[in-house]
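Derivation of every value follows stated rules applied to the coordinates shown; laboratory data play no part. Computed from a prediction, not measured in an experiment: that's the story for all the values here. Cβ placement follows ideal geometry from the backbone for every residue including glycine, while neighbour counts extend to all protein chains displayed.
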Amino acid sequence: MTRAPLTLPVIRRIVPGTLDRYLIGQMLPPFLLSLGVVMTALLLERLLTLLNVLASDGGTLKIFAGLLADLVPHYLGLALPAAICVSVFSVVRRMSQNNEIDALMASGVSLLRIARPFVVMGAVLGLVGFSLYGFIQPYARYDFRQALYIASHAGWTPHLQARMFAAPSDTLMLTADQVQGAGTRLRRVFIRDKSAGLERDITADSGRLLMTDDGTTVRLDLAHGVIVTDRNDDRPTLTTFDTTTRFFQTSSKAHAFRNRGNDERELTVLELRHGIRHRDLAIRRTHLVAELHFRLARAMAIPFIPILACALAGMAKRQRHNTGLAIAAISLVGFDHALQLGLSLVASRSMSPWLVIWGPFAVFGFACVWLILRRAGSAGKRQSRLRLLGRLPHRMAAGLPR
């Protein structure tokens with residue numbers, strides 16, 4: 001009989017109410033939109049670089065898609081704080097412009113209560129950021145480096161361009177006047193083969209390039225051509241053919257890629273903690289300590305971003321422009337650069353991470369909380385005035401003193 005009244009307030013605080021669902025519903029569309037825009041902007045420059053590298057090395061669309069997938073966790077970790085800040089700021093500012101904030105305050109809802117669902121959402125996204133920074137990004141970074149290494153050292157792939165000379169190996173050269181089918185169907189082909197101590201000049205009306213299943217051998221099917229063989233000690237021989245097939249190995253410079261763990265950024269937070277305790281890795285302990293504290297500070301700072309956005313989003317009624325978003329952006333960029341500086345100081349000069357990493361974190365968190373409390377205090381005074389103005393008509397009608 002006594003447990004229901006005790007648990008009822010707790011359940012009411014845990015279960016989101018109508019206001020919480022409304023605010024989260026208003027936040028999600030701009031959050032997803034800003035996340036997509038920021039991700040696109042961050043990926044664009046790297047995509048152009050990848051296209052140039054893969055085009056010069058003969059990479060395929062499959063390799064490009066794999067490299068792009070490996071880049072997503074890294075840039076998602078960068079775009080997540082910016083998307084949270086922009087979405088919360090836009091929602092609170094729009095509600096302030098439409099007098100929704102004033103209506104909520106007149107009904108007894110404080111600014112801290114309005115910010116509560118945003119803070120909870122920030123805490124959830126902080127856990128997502130911790131998963132990204134601590135576990136997903138290390139594996140994605142290693143996979144990206146491995147795939148890029150293999151793509152740039154894989155050697156020649158069977159894709160040609162018209163009237164361009166290709167050298168699959170040191171003893172083979174081929175070209176074609178016309179190339180179709182993404183570089184696999186050839187017209188008027190010329191090949192010079194200097195293998196086995198001979199020189200063979202081959203011409204054909206058409207040909208087709210195919211990669212075998214093992215990925216190291218190229219198959220060339222030729223039709224209607226001539227083979228001129230020069231043995232250097234006798235007269236050249238001439239051979240005509242209707243169809244012939246030739247196989248040749250591609251010269252690959254790729255070797256087995258190194259194992260994961262030569263870089264502290266490729267280690268998860270659990271592996272970093274294990275390396276700090278046991279010192280059984282080839283990486284310096286200061287680098288491990290700096291990387292671990294840096295990731296934890298970045299993840300734990302995400303819940304403070306909605307607080308900062310709520311505090312800076314309010315604007316006066318007659319104010320046309322609000323510099324709050326610019327201040328928030330400068331604050332986030334400055335905080336990130338401060339963490340980067342602390343990371344390098346701990347790694348290179350063995351400074352205490354509690355001073356140069358957690359110090360800026362404490363300043364950032366304190367500034368966010370102070371701003372929202374200051375904003376809530378001024379909003380509370382306005383809330384009292386709104387309540388007083390709401391009671392004035394009733395007092396005047398009743399003839400009571402104001």
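General remarks:
- In this structure, the amide hydrogen of residue 199, modeled 1.01 Å from its nitrogen in the peptide plane, lies closer than 5 angstrom to those of 230, counting only residues at least 5 positions away or on a different chain.
- Highest average packing first - 119-129, 298-308, Cβ atoms within 10 Å: 298-308, 119-129
- Placed amide H near residue 206: partners under 5 Å, 5+ positions off or other chain: 188, 189, 223
- Of 244, 229, 180, farthest towards positive along the dipole that unit charges on Lys, Arg, Asp, Glu beta carbons give the range 166-249: 180
- Placing +1 on each Lys and Arg Cβ and -1 on each Asp and Glu Cβ, with no other charges, gives the range 166-249 a dipole about its Cα centre of roughly 200 debye.
- Using the empirical formula 2.2 N^0.38 Å as the baseline, the Cα radius of gyration of the range 166-249 reaches a ratio of 1.09.
- Amide H within-cut-off set for residue 267, under 5 Å, with H built and near neighbours excluded: none
- Sequence-ordered 3J(HN,Hα) estimates for the range 236-241 from the Karplus curve with 6.51, -1.76 and 1.60 and θ = phi - 60° stand at x, 9, 10, 10, 9, 8 Hz, glycine and proline given as x.
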